[in-house]
Amino acid sequence: MKATYSASGQTLIFEENLCKGCDLCAHVCPKKILTLDKSRVNAKGYNPMTCFDIDKCIACGMCGIMCPDSVITVLKEEKAV
Ligand code: SF4
Ligand code: SF4
């Protein structure tokens, strides 16, 4: 199950069923916009990571680099000049 969050210029894609709820990505995010969804569990039985304010994401990629299970894909769309 894929969850996609998108705003002008940045997109986050979470492979939710791969997440083990370790919270590493939330700790490393400079904008503090990632949180575990305590109301749901994924196929592994963990609360999946979600993004609650994609507008604040700067597409730095840190969450994707930090995730040990390659859950997060960060896409950045360059703005035309
Ligand atoms: S790309 Fe950067 S700012 Fe966006 S959610 Fe990941 S760590 Fe946070
Ligand atoms: S680092 Fe990866 S496995 Fe850990 S909570 Fe974040 S998305 Fe899930």
* If you go through the stretch 1-53, how many residues are aliphatic (A, V, I, L, M) and out of contact with any Ser or Thr (no Cβ under 8 Å at 6 or more places or on another chain)? -> 7
* Does at least one position in the stretch 16-29 carry a residue that is within 11 Å of the chain's Cα centre (by Cα) and more than 10 Å from ligand 2 (Cβ to nearest atom)? -> no
* If you take the residues in the stretch 50-80 that are more than 10 Å from ligand 1 (Cβ to nearest atom) and charged (D, E, K, R), which one is farthest from Leu18 (Cα to Cα)? -> Lys79
* Mind checking which pairs have a first residue in the stretch 50-63 that is within 13 Å of ligand 2 (Cβ to nearest atom) and a second that is part of a helix (DSSP H, G or I), Cβ under 9 Å, 6 or more apart or different chains? -> Thr50/Glu16; Cys51/Cys63; Met62/Cys25; Met62/Val28; Cys63/Leu24; Cys63/Cys25; Cys63/Ala26; Cys63/Val28
* To do: Sort out which residues of the stretch 32-64 are loosely packed, with under 15 Cβ neighbours inside 10 Å and touching a helix residue (DSSP H, G or I) at 6+ places or on another chain (Cβ under 8 Å), and write them in order of number.
  => Lys32, Ala43, Lys44
* Between a first residue in the stretch 23-36 that is more than 6 Å from ligand 1 (Cβ to nearest atom) and a second residue that is aromatic (Phe, Trp, Tyr), which pairs have beta carbons less than 6 Å apart while being 6 or more apart in sequence or on different chains? -> Thr35/Phe52
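No lab work stands behind these numbers, since they all come straight from the coordinates. All values derive from a computational prediction rather than experimental measurement. Glycine gets a Cβ as well: all are built from the backbone with ideal geometry, and neighbour counts include every protein chain shown.
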